[in-house]
Amino acid sequence: MAEKVLIIKYGEIAMRGNNRYLFINRLISAIRRNIDPFGKYYVVRDPGRLIVEDRGGELDYDLLIPKLKTIFGLAAICPGVRLEDMSFESICEESLLHMQEFCGDKEMTFKVDTRRANKGFPMPSMEVSMEVGAYILEWMPNLKVDVKNPDVTLHIEIRNSVYLHSKIIRTYGGLPYASNGRAVSLLSGGIDSPVATWMMAKRGVEVEGVYFHSPPYTSEWAKEKVIDLAKRIADFTGEFRLYVVPFTELQLYLLDNVAHDKLTIHLKRAMMRAGEMIAKQDDALALITGESVGQVASQTMQGIHAINAACTLPVLRPLAGMDKQEIINRAEEIGTFEISARPYEDCCTVFVAKHPVTKPRLNFIEKAEHRLTELDRLLDEAVKNAEVIEL
Ligand code: ATP
Ligand code: MG
């Protein structure tokens, strides 16, 4: 008897010494959170793997795989079967059934790959592969062996139980969500910052978002767009806190009081400072932005230098070295692109200089900022009046 299961491989966390069991527990909770609403499932540990089973039912791969794919820290998901009977005869029989189901009577090439983690099993891996392969060939004349480039690889994993599978669905990898400290992400409605937020979440950083909203210069639609982006991120993280910070007054103040070609730099510095204030309230250890070196006038090295100096927390810029097309590809893959592509702008043209500086000098910027006597008060007020949305 063989039972349908999902065999889950986790990558990087396998290497993490003492923290390992904590990481695995986080993965199990994430798996449970994503699949428990759909039925009664068991998540079983078998050293090096997590196994999802429903004991007796017909596990619905098509329903469950998409729910599992969004979990960070998983390396691959393999739909397969678990054998009740660990004898060699049972492995042969079930392997044949599996291959018959997978290949039918199509002409195909295959190989058998055996991993024996359970050294109590009496036969070495190579021998299992060869003998099972020979047994399958005897019954399926439509198959041929090709060990270099087979159409199908039958994987036999001998662990506490024996598992068979022939399909490896790669997932995003990364580390279990929230296993690595918190950061505040400056989240606009653009293409870049949602990708940046997602990338840091993938590395196990617990993320929350801050959106600077300037009605009526930016519309309610722009805000809705950011909320939808935050919801999409929450599909991966399970939850997401978004601060919507009213920035109109501060933006108008900057418009009136700084040189227009440096407005963007001052504005971005104000965003960094507000982000840092929220980070400190929430015990976050870093900021995240979607900046990419050279992409726009304010993202020259000099621009980034001048903006970065406004805060003391580390600023994570996971897109720094990526090209726009690479960022777009990632945005499409994770489902944020179609939301970001909606037309509503997150910044009004009133605030965009025709000829922005591309090489701002930090000491000039700081001097100009020194004269902005209302800036601190406006920042305090903006942060105090932020709307908090829990997704
Ligand atoms: P994005 O595609 O993320 O909007 P961008 O290419 O438009 O980025 P900039 O406008 O220079 O670049 O913004 C740089 C970064 O500053 C953004 O990636 C984001 O992290 C942050 N940012 C910009 N505008 C806002 C906003 N209204 N609210 C929150 N963060 C913002
Ligand atoms: Mg933008």
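Each value in this text was obtained by applying a stated rule to the coordinates, not by laboratory testing. Nothing here was measured: the structure is a model prediction, and the numbers come from that model. Glycine also receives a Cβ, built like all others from the backbone with ideal geometry; neighbour counts cover every protein chain displayed.
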* Structure fact -> Sorting Pro314, Ser219, Gly275 by the position of each Cα along the dipole of the chain (Lys, Arg +1; Asp, Glu -1; all at Cβ), the one nearest the positive end of that ordering is Pro314
* Hits among lysines - C-alpha to C-alpha of Lys268 under 21 Å, sequence gap 8 or more where chains match -> Lys223, Lys225, Lys280, Lys324, Lys354, Lys359, Lys367, Lys384
* **Within a Gaussian network of the chain (alpha carbon springs, distance under 10 Å), most fluctuating of Gly321, Gly39, Gly11** => Gly39
* Structure fact -> With +1 at each Lys and Arg Cβ and -1 at each Asp and Glu Cβ, the charge dipole magnitude of the stretch 79-199 around its Cα centre, to the nearest 20 debye, comes out at 720 debye
* To do: Might you report the magnitude of the Cβ-based charge dipole of the stretch 297-391 about its Cα centre, with Lys and Arg at +1 and Asp and Glu at -1, to the nearest 20 debye?
  => 580 debye
* Distance from the stretch 41-113 to the stretch 138-178 (C-alpha centre basis), Å -> 9 Å
* Please figure out what share of the DSSP beta bridges in the chain is antiparallel and state it in percent, rounded to the nearest 5. => 55 percent
* Structure fact -> If one compares the long axis through the Cα atoms of helix 263-281 with the longest principal axis of the Cα atoms of the chain, the angle in degrees, nearest 10, works out at 60 degrees
* Write out the trypsin sites (Lys or Arg not before Pro) in the stretch 159-191 meeting two conditions: DSSP loop, and at most 16 other Cβ atoms within 10 Å of their Cβ. => Lys167
* Structure fact -> Output for the stretch 1-68: GluC sites (Glu not before Pro) sitting in coil per DSSP, at most 10 other Cβ within 10 Å, listed by number, reads Glu58
* At most 10 other Cβ within 10 Å, DSSP loop - trypsin sites (Lys or Arg not before Pro), the stretch 318-391 -> Lys354, Arg371
* Normalising by the residue count of the chain, find the relative contact order in percent from Cα pairs under 8 Å and 6+ residues apart. => 16 percent
* Asked: So what is the relative contact order of the stretch 286-386, in percent, for Cα pairs below 8 Å that sit 6 or more residues apart?
  -> 33 percent
* With a 10 Å radius around each residue's Cβ, average the other Cβ atoms per peptide and rank 183-189, 27-33, highest first. => 183-189, 27-33
* **Debye, to nearest 20: dipole size of the chain, +1 on Lys, Arg Cβ, -1 on Asp, Glu Cβ** => 1260 debye
* **At R0 = 25 Å, FRET efficiency that the Cβ-Cβ distance of Lys106 and Ile169 yields, to 0.05** => 0.75
* Structure fact -> A student applying the Cα gyration tensor rule (rounded when a/c is under 1.5; otherwise prolate if a/b is larger than b/c, oblate if not) would label the stretch 257-391 oblate
* Percent antiparallel among DSSP beta bridges with both residues in the stretch 142-275, to the nearest 5? -> 30 percent
* To do: Only helical DSSP H runs with n ≥ 4 go in: add -39500 (n - 2.57) per run for the chain, normalise by residue count and round the 222 nm mean residue ellipticity to 500 deg cm²/dmol.
  => -12500 deg cm²/dmol
